[in-house]
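What follows is calculated from the coordinates using simple rules that are stated; it is not laboratory data. Since we're looking at a predicted model, the values are computed, not measured. Note that each Cβ is placed from the backbone with ideal geometry, even for glycine, and that neighbours are counted across all protein chains shown.
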Amino acid sequence: MADEVVVEIASDADLVPARAEARALALRLGFSQTDATLIATAVSEISRNIVRFAGNGEVIINLVEDGSPGVTIVARDTGPGIPDVGAALADGFSTCQGLGLGLPGVRRLMDDFSIVSELGRGTTVTMTKWRREG
């Protein structure tokens, strides 16, 4: 298995391989079943946002090492961008009559989370989960 996997996201069907690849890499690195599920859930949510708001994009899943092993996911698209990133990261904010838990929930599931969005150019979310010892 490669240390980097790229999954093209263009429909809801693409969420399944993106989630599976993230989970498989996490388990290969010795993450617990619980943390592997959290990583897979974050990938699923962020991929769903790509489909819903941008139409298509990609998810890049990487093995990283910084004192302990981790999984970094970069999700990017060239969609319309997010007009107010701060609002989008607030619990309860939704532009599609949802619960508003997508981005804030993903941020809580991961250890590191950053988002860069430019109107008319797209959005990039970078997030990492570190393996805990013991």
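Rounded to the nearest 0.05, what FRET efficiency do ARG107 and ARG28 have when you use their Cβ-Cβ distance and R0 = 25 Å? That pair, ARG107 with ARG28, gives E of 0.50.
Distance from the Cα centre of the stretch 1-66 to that of the stretch 104-131, in angstrom? Value for the Cα centre distance between the two parts: 13 Å. Between ARG121 and THR78, the modelled label-to-label distance comes to 1.3 nm, taking each label 7 Å out from Cα in the direction of the beta carbon. Backbone geometry of the stretch 66-72 corresponds, through the Karplus equation with coefficients 6.51, -1.76 and 1.60 at θ = phi - 60°, to 3J(HN,Hα) couplings of 8, x, 9, x, x, 10, 10 Hz, x marking Gly and Pro.
With contacts defined as alpha carbon pairs under 8 Å and 6 or more residues apart, what's the relative contact order of the stretch 4-130 in percent? Reported as a whole number, the value is 25 percent.
Contact order for the stretch 37-78, expressed relative to its length and based on alpha carbon pairs under 8 Å spaced 6+ residues apart, stands at 36 percent.
Divide the volume of the convex hull around the Cα atoms of the chain by the residue count and you get 100 Å³ per residue. Ordered by the number of other Cβ atoms lying within 10 Å of each residue's own Cβ, fewest first, SER32, SER47 fall into the sequence SER32, SER47. When the Cα positions of ALA20, GLY105, LEU63 are compared along the charge dipole of the chain, GLY105 comes out farthest toward the positive end, with charges on each C-beta of Lys, Arg, Asp and Glu.
Taking θ as phi - 60° and the Karplus parameters 6.51, -1.76 and 1.60, the scalar couplings of the stretch 21-32 work out to 5, 5, 5, 4, 5, 4, 5, 4, 7, x, 5, 5 Hz in sequence order, x denoting glycine and proline.
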